[in-house]
1. Taking the conditions exactly as written (part of a helix (DSSP H, G or I), in the same structural domain as PRO268 (by TED's automatic domain parsing) and touching a residue at least 12 places away in the same chain (Cβ under 8 Å)), does LEU145 satisfy them or not?
2. Of all residues in the stretch 30-50, which are part of a loop (DSSP other than H, G, I, E, B) and either without any contact (Cβ under 8 Å) to a residue 12 or more places away in the chain or surrounded by 14 or more Cβ atoms within 10 Å (Cβ to Cβ) (or both)?
3. Out of all the residues in the stretch 205-215, is one or more touching a residue at least 40 places away in the same chain (Cβ under 8 Å), outside any loop (DSSP other than H, G, I, E, B) and surrounded by 24 or more Cβ atoms within 10 Å (Cβ to Cβ)?
4. So, in the stretch 80-124, of the ones that are in a loop (DSSP other than H, G, I, E, B), charged (D, E, K, R) and more than 20 Å from ALA52 (Cβ to Cβ), which residue ends up nearest to the chain's Cα centre (by Cα)?
5. Hey, could you check the stretch 189-204 for residues that are in contact with a helix residue (DSSP H, G or I) (Cβ under 8 Å, 6 or more places away or on another chain) and assigned to a helix (DSSP H, G or I) and say which is farthest from GLU173 (Cα to Cα)?
6. Search the stretch 182-193 for residues being buried (at least 18 other Cβ atoms within 10 Å of the Cβ) and in contact (Cβ under 8 Å) with a residue 40 or more places away in the chain, and hand back the single one that is nearest to the chain's Cα centre (by Cα).
7. Look through the stretch 1-29, keep the residues that are among the aromatic types (Phe, Trp, Tyr), in a strand (DSSP E or B) and touching a Gly at 6+ places or on another chain (Cβ under 8 Å), and return whichever of them is farthest from ASP143 (Cα to Cα).
8. Considering only residues that are touching a Lys or Arg at 6+ places or on another chain (Cβ under 7 Å) and part of a helix (DSSP H, G or I), which ones fall in the stretch 156-188?
Amino acid sequence: MKIKDVRTHILRAALSQPFGYSRAWYDTRTAMVVEIETDDGLIGWGECYGPAPITAAVVASLATLLIGADQLRTDYLWRKIYSSMRDHGQKGVIIEGLSGIDIALWDIKGKHFGVPVHRLLGGAVRSKVQAYATGLYRRRSGDPLRYLPEEAAGYVAEGFKAVKLKVGFGVEEDAAATRAVREAIGSGVALMVDANHAYDAPAAIRLGRMIEPYDIGWFEEPVPPEDVAGYCEVKSALTIPVAGGECEFTRFGFRDLLVRRALDIVQPDTCAAGGLSECKKIADMAEAFGVRYNPHVWGTGIAIAASLQLLAVLPPHPALAGAARADAGIRPHRASDPPGAADATDRACRRRCRRARWLRPRHRNRPHGADAVRGEMMRRCGCRQSQTGGVRYAARNIRVALSTTCAMRGAGGEGAA
């Protein structure tokens, strides 16, 4: 039972229509997947977030540390690679490469024992995760105040109870777009915004205060990831929960964010922050600090399957005290629901939060684990590409059993318990 070979595969696909966010435009999507083969014929698949040619080179360079090693010693191999690269790669593409390797090794471990990975991580506490519609990117032509509300309304018509809007195009323009989308989807659908670190703290605070009346579920990446002080300023100034962390790496990086109380919601990317081994540690640490965990995903069905395996074992967010709104963006939690199905709050609670901001993280309506259903899904998961190059999902809830495609389901094809 030894690792025989490590291979990388760069995937590219041209989009039917370019789409943009605050930092870049895309006309092509790329991904880099890792294939690890053992001497007893097992093959594990992983994925790396980040620039595909660079992460492929990283994985190829790290392969010498893996050949001949015991494939089941996932934590040992993680530490071996991290220690060997500590002088040069505590963050960035080295950790992204390590993430893809780690996911592939967990895939092998699941196949070896014939069980889904979530069983090996401790066992599922949920069988499905609430999905939101990610999209609402910018297009090369047209008026965003027209096409963004129309697109958002289309997601609601498909059954989604939460959508996320890309912002970062100027405070006034973002505020107008947020208002238009909120009016289009109504008060019964959760709305989040994502600036992709387009602003500094003063501009992010100004935008946040302008859109607070629209009941925003979270404000994602309001400032650059290295500006931790800026995150703290934004978080202390707004009643909107602040999310971030897709550009942070390992438990050591997230430790500093948690100690400084910089975020209400951490969003590690399983394919970037260190893989399943490390992200489980980050999730446990976030729980100890009372901070919510919503993994970021931007990749293929492998990335989504890995993130869902992790989400399956994470404890649910606690139900909020008091009467829940019947029209909450995510329906109120009921005893019959799977753990973590939803959180909801009432308007009176939100008013209290505005008077006592330090209570804000536990008194806002936001979906849990929503970023685990972003990106591109494998065909069997039932997705179709939208006109803007994003992805829509056929179902409101993505069941773990359906999303753990291919090897991530284990040899027996077993879903979540």
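The values are calculated or read from the model by the stated rules, or taken from the named source; none is laboratory data. All values reported here derive from a predicted model rather than from experimental measurement. For neighbour counting, all protein chains shown are included, and Cβ atoms are generated from backbone atoms with ideal geometry for every residue, glycine included.
1. yes
2. Residues satisfying the conditions are GLY41, LEU42, TYR49, GLY50.
3. Within the stretch 205-215, one or more residues are touching a residue at least 40 places away in the same chain (Cβ under 8 Å), outside any loop (DSSP other than H, G, I, E, B) and surrounded by 24 or more Cβ atoms within 10 Å (Cβ to Cβ).
4. ARG86
5. ALA201
6. MET192
7. TYR26
8. Once the filter is applied, which keeps residues that are touching a Lys or Arg at 6+ places or on another chain (Cβ under 7 Å) and part of a helix (DSSP H, G or I), the stretch 156-188 yields only VAL171.
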